Amino acid sequence: MDKNFAEVSVLLCQSCGQHWLRYFYEQEAFTASGRWYLGAVAPEQSLTLTAENAGGVLEGLDWYFYGGSYYHGQVGRTSGRILL
Ligand SMILES: [Zn+2]
């Protein structure tokens with residue numbers, strides 16, 4: 001977890017070997033506040049990933065997926081700042 005208490009994990013695609021950085025954040029006191037961000041990272045990037053730099057790594061990607069109850073269950077692509 002990082003300073004925002006977001007859950008950070010790195011997933012490895014079993015079929016193509018792509019590494020994905022997953023960043024999940026929610027405010028438990030608020031309904032529909034859950035949001036996740038998922039971005040493709042290079043294997044070298046995944047080695048230096050920490051909970052603290054994960055948000056910045058996502059924001060540095062050309063694009064990443066977003067979704068979750070905060071987005072009313074919609075999934076899309078975006079770039080730039082992640083919304084907390
Ligand atoms: Zn894959």
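The values are calculated or read from the model by the stated rules, or taken from the named source; none is laboratory data. Everything numeric in this text was worked out from a predicted model, so none of it was measured. Ideal geometry is used to build each Cβ from the backbone, glycine not excepted, and the neighbour counts take in all protein chains shown. The area values use the complete protein model at the heavy-atom level, side chains included, leaving out ligands, DNA and RNA. Shrake-Rupley method; radii C 1.70, N 1.55, O 1.52, S 1.80 Å.
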Cβ pairs under 8 Å, 6+ apart, first in region 60-84 and open to solvent by 50 Å² or more (accessible area, probe 1.4 Å), second hydroxyl-bearing (Ser, Thr, Tyr) and assigned to a loop (DSSP other than H, G, I, E, B): 62/79; 63/79; 69/31; 69/33; 70/33
Subset of region 5-50 (residues that are polar (S, T, N, Q), in contact (Cβ under 8 Å) with a residue 24 or more places away in the chain and either surrounded by 14 or more Cβ atoms within 10 Å (Cβ to Cβ) or within 16 Å of the ligand (Cβ to nearest atom) (or both)): 33, 45, 46
Strands (runs of 3 or more DSSP E) (entirely within the chain) containing at least 1 residues that are small (Gly, Ala, Ser): 7-12, 35-41, 64-67, 76-78
